Amino acid sequence: MNEATAAILNHPGFVTADADSPRENTITIQTYNQVRHLMVLDVDRSNALAPADLSTPALDVALAADRLLASDPSDSERATAELLNYVAATWDKQDLPLREHAQAVARTLPQQRSEG
């Protein structure tokens with residue numbers, strides 16, 4: 001969780017990122033203009049990933065985020081996509097766990113949102 005909080009604070013648009021208690025899978029983020037977002041991390045620790053599953057390059061992470069941004073996203077989806085774009089843009093500066101997490105999040109984003 002500390003890595004996720006640190007990564008969020010690397011984004012220039014966020015001023016605070018606090019892990020919520022007692023729910024260890026959530027982070028509250030606040031922007032400079034006082035907008036708060038609640039991010040829920042969905043990590044399946046029981047499912048070991050093969051090295052081939054972690055090979056998505058930064059470009060694919062950014063592409064998944066851009067697809068989401070182009071689909072009229074909700075505020076939380078927009079925040080997630082912008083964070084993924086930031087991680088992709090600073091890929092070489094990020095540590096391996098954050099890269100792996102960004103890849104996993106990008107894989108969970110829908111290819112295109114269904115109307116409905």
In nm, the gap between the two label points placed 7 Å beyond Cα toward Cβ at R107 and T16 is 3.5
Taking 0.36 nm per residue of separation between D60 and R36 and subtracting their Cα-Cα distance, the length gained on full extension comes to 5.9 nm
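Coordinate-derived values only; no laboratory data. Values in this document were obtained by computation on a predicted structure and should not be read as measured data. With ideal geometry, Cβ positions are generated from the backbone for all residues, glycine too; neighbour counts draw on all protein chains shown.
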